[in-house]
Structure formats: C-alpha cells, structure tokens
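Take a look at the structure below.
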Amino acid sequence: MNKFYEILNSTQVLFDNKVELLPSVTELFELELAYLEYKTLDKKEYLQRTAYAKSYDGKDSLHFLRYSEIPEEVSKNRTSTANSYFKNGLFSTGYATHSLFPYRGKFHPQLIKGILNILGIKKGETILDPMAGSGTTNIEASLLGINSYAVDISPFCQLMTKTKYDALKIDLDLLNSVELDKDKLFHYFGQKNILQRIEKIETGKKEIYELALLAYLDALGYSKRVVRSNHEQLFAKVLNRYLETVKSLSSMLDAEESNNLLKISVTYWLLSDFGAFNLKKASAFRALNNSLFIFPFWERCPPSSNGLPNFKLK
C-alpha cells in the first residue's frame with residue numbers, strides 16, 4: 001500500500017512547521033493570501049499584523065487572540081441564522097466594528113487586512129479608497145496604524161464609515177456613564193434635521209449618539225423584513241448589541257493601542273465634492289501626503305482557471 005499518510009499537505013508545503021493557520025482558512029483564495037502575507041511580512045511583526053495565521057512558533061497571533069470569541073451580550077437576541085453567520089465569519093467578517101450595520105456586497109475585512117499586509121503599507125502611511133462603501137478598508141487601515149481617505153457618492157456610506165471608525169475610539173468610561181434612554185432616543189431620531197442636531201452635541205457624546213443613530217437606521221431596515229417586532233422594539237435590541245460590541249472591543253485594547261488610534265486620521269469626502277472623480281488625477285492627492293497610496297477599485301472578470309475571480313485595475 002502506498003504510504004499516502006507520509007505526503008505533506010498543502011499547508012505543510014507552503015509554510016514551515018512554525019505556522020498554524022486559523023481554522024476558518026478553508027478557501028483557495030484564503031490560502032493563497034495567507035501564503036503571500038507570510039512571504040512578505042517581516043517576521044518581527046508577523047504576529048501583530050497577520051490576518052490568516054492562528055499562531056507562529058507556538059505564539060498566538062493578535063488577530064486570533066482579539067477576535068476568537070463573540071461576547072454573549074452581542075449574540076443575544078440574534079436569530080440562529082445570524083449567529084451562525086457571524087460565528088462562521090468570526091475571523092473574516094464580523095470582528096471589530098465591521099458587524100455594525102452589515103452592508104451587503106462589502107469586502108471581507110480579513111481580505112483587506114491581508115492585502116494591506118501583502119502590499120507592504122506601513123504604519124503612518126496613507127491610503128485612499130475611492131469607493132469606500134461601509135468603510136471596511138478604512139477601519140482595517142486604522143487598526144493597522146494607517147491613515148486613510150474615504151470617498152463615496154453616498155452620504156449614508158459616509159455616515160457608516162465615520163460611525164464605525166469613531167466607535168473604535170469611544171471612551172469606555174464615558175460610554176458607561178452616558179444615560180441612553182432607548183424610548184427617548186427612538187423618538188429623538190424621528191425628528192427632522194437629526195444630523196444637524198447631533199452635530200451640536202459635545203465631542204465624545206456626539207460619537208455615541210451617532211452610534212445610536214446607526215443602530216436606529218439598522219433597526220429600520222430589519223423592521224421591513226420581519227413581522228414579529230416593530231421598529232422601536234428592534235431598535236432597543238440592535239442598540240444594545242452595538243453598545244456591547246464597542247465595549248467588548250474597547251476592553252481588548254491596551255492604553256498604547258487606544259492612544260495610537262487617536263493619532264490615526266480618516267478623512268471623508270463625498271464624490272459630489274469633486275465633480276467627475278478621476279483616478280488619473282492621483283497626483284493631486286499625493287500632494288496631500290507624500291506616502292498616499294490609492295487603494296484600487298476592481299472590475300470583476302470571468303473566473304480564472306484556478307477558480308478565483310480575475311481582478312483588473314480600471
């Protein structure tokens with residue numbers, strides 16, 4: 001009988017025996033990104049930055065340590081389908097503030113993190129995403145110490161990106177001290193000119209109110225898809241989940257990490273601010289920062305021979 005059991009598996013061939021990948025790395029594209037990341041990252045920062053490794057040389061990665069559990073308060077009141085989705089995407093889609101207002105069609109945050117690592121974008125450098133959407137690229141950049149610009153045609157996308165980024169920096173003591181009456185908040189957000197009203201709130205509390213507003217809009221969407229709960233009932237549940245998500249993340253960050261996030265800048269631009277936006281004018285943006293990197297937007301092409309979609313830079 002052939003000694004097939006002595007044949008190395010693909011992970012053993014691609015990586016040395018010091019690397020253990022996350023259990024969720026099961027797709028071919030994930031394995032390929034994990035390999036490219038492993039070959040390009042400096043081993044001194046590998047554990048701090050890797051998106052796909054569980055451990056290296058017996059030491060757990062920051063990604064695994066930080067995102068290996070979903071707090072009970074966050075998963076409470078979710079449907080079994082939603083809980084299953086976020087559990088399966090524990091390391092790829094639902095971590096940090098990415099789970100706030102799930103936005104259909106966005107990139108996996110883990111994929112963006114891997115690409116930033118592979119491209120070699122360093123702390124303190126700057127990227128620009130010309131189709132920011134819900135801010136996935138900008139959030140991942142911030143967590144890696146990278147500044148960013150978020151451009152989108154949608155004011156709502158701008159609100160999502162800003163709220164998710166600001167939620168990374170909300171002061172935990174302030175959050176615990178602010179009284180958030182869900183009934184009063186629900187009726188407050190139903191008023192006209194709500195964004196202008198929130199803008200007048202003092203810094204610190206304003207970011208908490210924006211977080212609650214995003215929960216209000218998230219619950220509004222849910223209310224159109226379910227029959228057992230109305231908008232107000234769902235708002236109470238969604239807001240609690242948002243607050244617990246932020247509290248959980250804040251408790252994971254040490255003082256140095258929190259201070260570093262305060263130093264990171266995310267600048268928001270609406271596409272209408274530019275008229276016809278043209279990537280060929282990238283030199284105009286480079287004038288804003290010597291290390292500006294234009295994060296490409298992609299045109300999906302037919303799948304390649306290895307089953308992965310081809311991507312072409314426009």
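Miscellaneous remarks
- Any hit, region 243-262, residues being over 18 Å from the mean Cα position of the chain (by Cα) and within 21 Å of residue 161 (Cβ to Cβ): no
- Filtered residue count, region 99-112, keeping only those that are within 9 Å of the chain's Cα centre (by Cα) and outside any loop (DSSP other than H, G, I, E, B): 3
- Contact map, region 108-132: first residue hydroxyl-bearing (Ser, Thr, Tyr), second residue part of a loop (DSSP other than H, G, I, E, B), Cβ cut-off under 6 Å, separation 6 or more or different chains; pairs are 126/289; 126/291.
- Test: residue in region 89-104 that is over 18 Å from residue 169 (Cβ atoms) and either in contact with a Cys (Cβ under 9 Å, 6 or more places away or on another chain) or at pLDDT 95 or above (or both): yes
- Among the residues of region 1-55, those that are among the polar types (S, T, N, Q), touching an Asp or Glu at 6+ places or on another chain (Cβ under 9 Å) and not in a loop (DSSP other than H, G, I, E, B) comprise 11, 55.
- Within region 34-49, being closer than 14 Å to residue 120 by Cβ and either buried (at least 20 other Cβ atoms within 10 Å of the Cβ) or in contact with a strand residue (DSSP E or B) (Cβ under 6 Å, 6 or more places away or on another chain) (or both) holds for 37, 38, 41, 46, 49.
- Taking residues in region 24-40 that are free of Cβ contacts under 8 Å to residues at least 60 places away in the same chain and among the aromatic types (Phe, Trp, Tyr), and partners anywhere that are part of a helix (DSSP H, G or I) and open to solvent by less than 80 Å² (accessible area, probe 1.4 Å), the pairs with Cβ atoms closer than 8 Å and at least 6 places apart or on different chains are 35/14; 38/14; 38/46.
- So residue 127, is it modelled with pLDDT of 90 or more, more than 14 Å from the chain's Cα centre (by Cα) and buried (at least 19 other Cβ atoms within 10 Å of the Cβ): yes
- Where residue 278 falls short, out of the listed (1) under 20 Å from residue 157 (Cα atoms); (2) polar (S, T, N, Q); (3) over 20 Å from the mean Cα position of the chain (by Cα); (4) modelled with pLDDT of 55 or more: (4)
- Residue 13 being in contact with a strand residue (DSSP E or B) (Cβ under 9 Å, 6 or more places away or on another chain) and over 30 Å from residue 152 (Cβ atoms): no
- Test: residue in region 264-274 that is part of a helix (DSSP H, G or I), modelled with pLDDT under 85 and within 23 Å of the chain's Cα centre (by Cα): yes
- Screening residue 61 against (1) more than 17 Å from the chain's Cα centre (by Cα); (2) closer than 21 Å to residue 260 by Cβ; (3) surrounded by fewer than 18 Cβ atoms within 10 Å (Cβ to Cβ) leaves a single unmet condition, (3).
- Helices (runs of 4 or more DSSP H) fully within region 163-238 that include at least 3 residues being basic (Lys, Arg), under 20 Å from residue 266 (Cβ atoms) and open to solvent by less than 50 Å² (accessible area, probe 1.4 Å): none found.
- Qualifying residue in region 132-155 (condition: open to solvent by 20 Å² or more (accessible area, probe 1.4 Å), under 30 Å from residue 230 (Cα atoms) and either more than 13 Å from the chain's Cα centre (by Cα) or not small (Gly, Ala, Ser) (or both)): yes
The values are calculated or read from the model by the stated rules, or taken from the named source; none is laboratory data. Keep in mind it's a predicted model, so treat the numbers as computed, not measured. We place every Cβ from the backbone using ideal geometry, glycine too, and count neighbours over all the protein chains shown. The protein model used for the area step is the full one, side chains on, heavy atoms only, and it has no ligands, DNA or RNA in it. Shrake-Rupley method; radii C 1.70, N 1.55, O 1.52, S 1.80 Å.
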